[in-house]
Amino acid sequence: MRHKNCRVYSFGLGPDERNLERYLARSGCGVHCFDPGLQPAHQQRDEMWLHRLSLDWREPNPAVSAQRRRYAKRLSAVLNDFGHRKVDVLKADMESAEWKILENLILEGVLDSVGQLLLEVHLHWAGFEVAGDDPSVVRYWFSLLKELEMADFRLFRVHGDPARPRVFLRKNVPNASGAYTFAWVNTRRTVE
């Protein structure tokens, strides 16, 4: 990060996988890590803020208790609740919910608020609330990636996890990984 006033949101990672977050916090960034299983709901640890919250793509369901609805929100609601207008780094490992969350970020128009997007994608199955035959699922995934490109997000890094099963849409595929981390930068955003 080029400046010390950066803001980082990290969703869905376990406590042992926060090396980047710790590095950015030590560099002076305001780091917020979100985990729906966290107790208590808000705490500060290792120069980072930890919050009991998960990223969601759906409107809050009135049939779900208000207590439970508080812990799963769309990014626009999280930004609003925290009083933030922008996030310099948005990191998400949503365990197969990432495709619907990415779709929501595009549809809600909150991508302009994000400087860099680091997203772990899972390819072993279509993902939550994604249906259809294999070609239609791949077209859906590709359409979201094209939307990112049209929003001036440029892919600058791809990392396959060799420890993950080599599965693509429930089929074994040699020399592949069931999970990849993609990193994009928003070329529209200028560093303040």
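Please go through the stretch 110-153 and give me each residue that is closer than 23 Å to VAL31 by Cα and of a type outside the set (A, V, I, L, M, F, W, C), ordered by number.
Step one: of the stretch 110-153, the residues closer than 23 Å to VAL31 by Cα are 110-121, 153.
Listed by number, the residues that qualify are ASP112, SER113, GLY115, GLN116, GLU120.
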Grab the strands (runs of 3 or more DSSP E) fully contained in the stretch 114-192, keeping just those with 3 or more residues being buried (at least 17 other Cβ atoms within 10 Å of the Cβ).
114-122, 179-186
Quick test of your reading of the structure: GLY127 fulfils all but one of (1) closer than 28 Å to ASN175 by Cβ; (2) in contact (Cβ under 8 Å) with a residue 60 or more places away in the chain; (3) not hydrophobic (A, V, I, L, M, F, W, C). Name the failing condition by number.
(2)
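How about the stretch 149-192: which of its residues are of a type in the set (Gly, Ala, Ser) and either over 29 Å from ARG85 (Cα atoms) or at pLDDT below 90 (or both)?
First pass over the stretch 149-192, keeping only residues of a type in the set (Gly, Ala, Ser): 151, 160, 163, 176-179, 183.
Those that are of a type in the set (Gly, Ala, Ser) and either over 29 Å from ARG85 (Cα atoms) or at pLDDT below 90 (or both): GLY160, ALA163, ALA176, SER177, GLY178, ALA179.
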Hey, can you tell me all the residues within the stretch 18-45 that are under 17 Å from the mean Cα position of the chain (by Cα) and polar (S, T, N, Q)?
ASN19
Quickly run through the stretch 41-62 and pick out the residues that are at pLDDT 80 or above and assigned to a loop (DSSP other than H, G, I, E, B).
GLU47, ARG52, LEU53, ASP56, TRP57, ARG58
Only one of these conditions is not met by LEU90: (1) within 14 Å of GLU147 (Cβ to Cβ); (2) touching a strand residue (DSSP E or B) at 6+ places or on another chain (Cβ under 9 Å); (3) of a type outside the set (S, T, N, Q). Which number is it?
(1)
Only one of (1) surrounded by fewer than 17 Cβ atoms within 10 Å (Cβ to Cβ); (2) out of contact with any Gly (no Cβ under 7 Å at 6 or more places or on another chain); (3) charged (D, E, K, R) fails for GLU95. Which number is that?
(2)
What number of residues within the stretch 83-113 are in a helix (DSSP H, G or I) and in contact with a Ser or Thr (Cβ under 6 Å, 6 or more places away or on another chain)?
1
Going through (1) at pLDDT below 95; (2) among the β-branched types (Val, Ile, Thr); (3) crowded, with 19+ Cβ neighbours inside 10 Å one by one, VAL89 fails only at (1)
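The values are calculated or read from the model by the stated rules, or taken from the named source; none is laboratory data. Nothing here was measured: the structure is a model prediction, and the numbers come from that model. Cβ sites come from the backbone with ideal geometry, for glycine too, and all protein chains shown count toward neighbours.
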